[in-house]
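The structure appears right after this line, and notes come after that.
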Amino acid sequence: MKIVKPSVALLWITPEPEYQIEVAGRTCYKSEDKITADSARGFAQKMRKSGHHAMIEHAVASFRIITDRGITHEIVRHRLASYAQESTRYCNYSADKFGNQCSFIEPPDLFPSQRKEWETACLIAEKQYFKLLSDGCTPQIARSVLPNCLKTEIVMTANFREWRHFISLRGSKAAHPQIRPIAFQVWKILVHHAPSIFEDLFPEQ
């Protein structure tokens, strides 16, 4: 059994996203002649403030998110995005490339006694998973005993408009305590690349 930390990593982002938004947006007004070396940020900010958010869809970002499967159930509810997720149907965690063990994400704020109970439950699930495999079950059947806290990786690709929605919804105080840090890390990266689009959002950590 292995316990891993959740994480967020940027895989790809539209090069010069604010410039891309300006080039697309100025097509509407045929004002391309007003593009200068430093006009993109102001134009993109104007599109965001005016509610002309269709223009910010012209910029896209992809992230690799490591979290537990329970949290990815919430992530994939964002339908205006594309996903690729580690598959428990095809991944056999008894294989060498997985270290012959299952990996889990520890829930936050457990008391020592609660953590002991959680760890025991994970160890039992892992043991029964391996036993089912050794008894001839395929990974897609054996996975039925694995808990929501099983570690998984998911790649999420979305345009900036949907990332704003994701950050606003999943970075709120009402969001699950394990998804808020994900939303915060996504925001921290995107606000660096396109401050005009994300500077008005303040997700919870």
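The combined condition, being modelled with pLDDT of 95 or more, open to solvent by 60 Å² or more (accessible area, probe 1.4 Å) and either out of contact with any strand residue (DSSP E or B) (no Cβ under 7 Å at 6 or more places or on another chain) or not in a loop (DSSP other than H, G, I, E, B) (or both), is not fulfilled by Ile65.
In this structure, does Arg164 turn out to be open to solvent by 30 Å² or more (accessible area, probe 1.4 Å), under 21 Å from Ile13 (Cα atoms) and touching a helix residue (DSSP H, G or I) at 6+ places or on another chain (Cβ under 6 Å)? So Arg164 does not fit the description; no. Only a single item in (1) open to solvent by 70 Å² or more (accessible area, probe 1.4 Å); (2) on the phi > 0 side of the Ramachandran plot is not met by Asp96, and it is number (2). Looking across the stretch 4-31, just one residue is closer than 28 Å to Ile182 by Cα, open to solvent by 40 Å² or more (accessible area, probe 1.4 Å), of a type outside the set (S, T, N, Q) and part of a helix (DSSP H, G or I), and that is Tyr19. Filtered by the rule that a residue be among the aromatic types (Phe, Trp, Tyr) and over 25 Å from Val76 (Cα atoms), the stretch 104-154 gives Phe111, Trp118, Tyr129, Phe130.
Does Phe202 satisfy being surrounded by 15 or more Cβ atoms within 10 Å (Cβ to Cβ), closer than 30 Å to Ser62 by Cβ and under 18 Å from the mean Cα position of the chain (by Cα)?
No, not satisfied.
Contact map, the stretch 146-160: first residue charged (D, E, K, R), second residue outside any strand (DSSP E or B), Cβ cut-off under 6 Å, separation 6 or more or different chains; pairs are Glu153/Glu86. When Lys49, Lys34 are checked against the criterion of being basic (Lys, Arg), closer than 21 Å to Trp163 by Cβ and surrounded by fewer than 18 Cβ atoms within 10 Å (Cβ to Cβ), Lys49 stands alone in meeting it. Answer yes or no: is there a residue in the stretch 132-142 that is within 20 Å of Thr67 (Cα to Cα), in a loop (DSSP other than H, G, I, E, B) and small (Gly, Ala, Ser). No, there is no match, as no residue in the stretch 132-142 is within 20 Å of Thr67 (Cα to Cα), in a loop (DSSP other than H, G, I, E, B) and small (Gly, Ala, Ser).
One residue stands out among those in the stretch 167-180 that are surrounded by fewer than 20 Cβ atoms within 10 Å (Cβ to Cβ) and not charged (D, E, K, R): the one that is nearest to Thr14 (Cα to Cα), which is Ser168. Among the residues that make up the stretch 178-191, is at least one of them farther than 22 Å from Lys5 by Cα and among the small types (Gly, Ala, Ser)? No. Of all the criteria given as (1) within 26 Å of Leu169 (Cα to Cα); (2) assigned to a helix (DSSP H, G or I); (3) out of contact with any helix residue (DSSP H, G or I) (no Cβ under 7 Å at 6 or more places or on another chain); (4) open to solvent by 60 Å² or more (accessible area, probe 1.4 Å), the one not satisfied by Arg79 is (2).
The values are calculated or read from the model by the stated rules, or taken from the named source; none is laboratory data. If you're wondering where the values come from, they're calculated on a predicted model, not measured in any experiment. Note: ideal-geometry Cβ built from the backbone for every residue, glycine included; neighbour counts use all protein chains shown. Just so you know, the surface numbers come from the protein's heavy atoms only, side chains and all, with ligands and any DNA or RNA stripped out. Shrake-Rupley method; radii C 1.70, N 1.55, O 1.52, S 1.80 Å.
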